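Below are the structure tokens for one structure; questions will follow.
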Amino acid sequence: MRRLSPAALADLPAGTGPLLPPQDTGVGIVHLGIGAFHRAHQAVLTEEAMAAAGDASWGICGVTQRSTAVLDQLGPQGGLYSVLVRSAGGTDVRVRGPVRELLCARDDPAAVPARLADPRVRVVTLTVTEKGYRHDPATRRLRTDDEEVRADAAGRPPRTVVGQLARGLQARCAGDAGPVAVLCCDNLPANGEVLAGLVADFCDLLPAAEGERLRSWIAANATFPSSMVDRIVPATTDTDRAEAARLLGVEDHGAVVTEPFRQWVVEDSFAGGRPAWEHVPGVVLTGDVEPYEAMKLRMLNGAHSAIAYLGGLAGFAHVADAVADDDLAGFVRRFWAEEVVPTLDVPGGFDVTAYQHDLLERFANPALRHRTAQIAMDGSQKLPQRLLATARDRLAAGGQPRLTALAIAGWARYVTAGTAEDGTPLAVDDPLAAELARAGGGAGGGRAATEALLGVRAVFGDELPADPGFRALVLEAASALERGGVRTALKEALAG
């Protein structure tokens, strides 16, 4: 079977080709972190915006940080890839063409700031995951003692994301390239504000005059809007690629899989203009992202993490299988209703009850096969916004976040126990894996391990572990997990 390429587009089934001729699309966006999520979410919405407005100037230069896998997948295909949208009713497919260039920062680190300095580039977007920012999740500040960050600040071609951004903005300043917006699309609270702070922290590492000049240019020429993204994108499998080939009649090495639902809430603050996203279903342009962001982080992502750790410990490999379990589904419903929703400032007119129903339906979508192990990755970076924020707000209101505490205890057991309850090995893929192992790895995944992990300041900070109510709830849940496993801990938490 021939491979997907620009030459193969004429032979695709009707209605499955790109919305715009790829050869007519210019580059107006540089995206750092061109993984499956971006290709199934922001890139799709941007292609639709270009088609709706008849403005093909917003194509994407995608930057991968370390791995060349995406370049190997998309490069021979001229940047083309297919998106499989799966529901219980079947699969829809379309080839997408907004990605016009590809770079690997590892192989050519100097190319990234140079690309950011192109005057035709007016938006920079990012999906590098929480760990990619090399920041302390508890304080939201750049880890300025990080050797890679310091090497970037010392003048080498930058290899960290914040270094790439800062040096790219510096190159725009030097070349008078005009205004630009830097749009963070990762799951960080107030992500635009946080990213602006990380870039400012990087400026502080530069020589005083150099740093001050860059700070002044950024203040006058750059904006850092916040955004909230919501679409479930599981890792692509060989089975998915085979289905894409069957539906399209060509082999696609870059296929991605997603669900029908999509949402992108964007703070409308773009210094140099933006695509016409307002014409695209699923996009909300607003002056205040925070209510949507908190709702998504605490409800969807918080429940996802709880399911990943508790479901993973119980032996469930996929989210849909986990929420088919009555105890886990009951836990999720009460977690939302009793502990998360009371902490939210729900946007006017938003039906939060219907949102909970829709989330559970999305989790239960049998066609997605979203792996709990994929969601469990990088937990040290995710816990502060997904679970700890809920616990902190419930405690401040005089509540007892018993179910949230169980999810946190589930994380602690997941990263220290070594195996699930059925003997399946549990891999710990986390930037703080070594620190977590030092803190709790010798305690066998039980209450003692959980108590030790509460002392990891990069995750928990100082205030929350010092709260006797919080500490007692988490350790009580850890004891239940150690004594009787997930099933016992769920029953006790739900009865409490």
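Looking at segment 275-315, which of its residues are assigned to a loop (DSSP other than H, G, I, E, B) and either of a type in the set (A, V, I, L, M) or surrounded by fewer than 22 Cβ atoms within 10 Å (Cβ to Cβ) (or both)?
276, 280, 281, 282, 287, 288, 289, 314, 315
Still on this structure: Tell me whether segment 3-17 contains one or more residues that are aliphatic (A, V, I, L, M), outside any helix (DSSP H, G or I), assigned by TED's automatic domain parsing to the domain that holds residue 98 and within 26 Å of residue 284 (Cβ to Cβ).
Checking segment 3-17: not a single residue is aliphatic (A, V, I, L, M), outside any helix (DSSP H, G or I), assigned by TED's automatic domain parsing to the domain that holds residue 98 and within 26 Å of residue 284 (Cβ to Cβ).
Name the residues in segment 427-452 that are in a helix (DSSP H, G or I) and either under 24 Å from the mean Cα position of the chain (by Cα) or outside the structural domain of residue 312 (by TED's automatic domain parsing) (or both), would you?
Residues satisfying the conditions are 433, 434, 435, 436.
Determine if segment 226-242 includes at least one residue that is assigned by TED's automatic domain parsing to the domain that holds residue 144, more than 25 Å from the chain's Cα centre (by Cα), surrounded by 20 or more Cβ atoms within 10 Å (Cβ to Cβ) and β-branched (Val, Ile, Thr).
For segment 226-242, residues assigned by TED's automatic domain parsing to the domain that holds residue 144, more than 25 Å from the chain's Cα centre (by Cα), surrounded by 20 or more Cβ atoms within 10 Å (Cβ to Cβ) and β-branched (Val, Ile, Thr): absent.
Which of the residues spanning segment 51-106 are hydrophobic (A, V, I, L, M, F, W, C) and in a helix (DSSP H, G or I)?
51, 52, 53, 69, 70, 71, 74
Only one residue in 148, 193 is without any contact (Cβ under 8 Å) to a residue 40 or more places away in the chain, over 20 Å from the mean Cα position of the chain (by Cα) and not in a loop (DSSP other than H, G, I, E, B). Which one?
Sole residue among the options that is without any contact (Cβ under 8 Å) to a residue 40 or more places away in the chain, over 20 Å from the mean Cα position of the chain (by Cα) and not in a loop (DSSP other than H, G, I, E, B): 148.
Suppose the filter is outside the structural domain of residue 298 (by TED's automatic domain parsing), among the polar types (S, T, N, Q) and surrounded by fewer than 16 Cβ atoms within 10 Å (Cβ to Cβ); does residue 223 pass it?
For residue 223, the condition - outside the structural domain of residue 298 (by TED's automatic domain parsing), among the polar types (S, T, N, Q) and surrounded by fewer than 16 Cβ atoms within 10 Å (Cβ to Cβ) - is not met.
The values are calculated or read from the model by the stated rules, or taken from the named source; none is laboratory data. Given the structure is predicted, the values throughout are model-derived calculations rather than measurements. Heads up, the Cβs are rebuilt from the backbone with ideal geometry, glycines too, and the neighbour counts pull from every protein chain shown.
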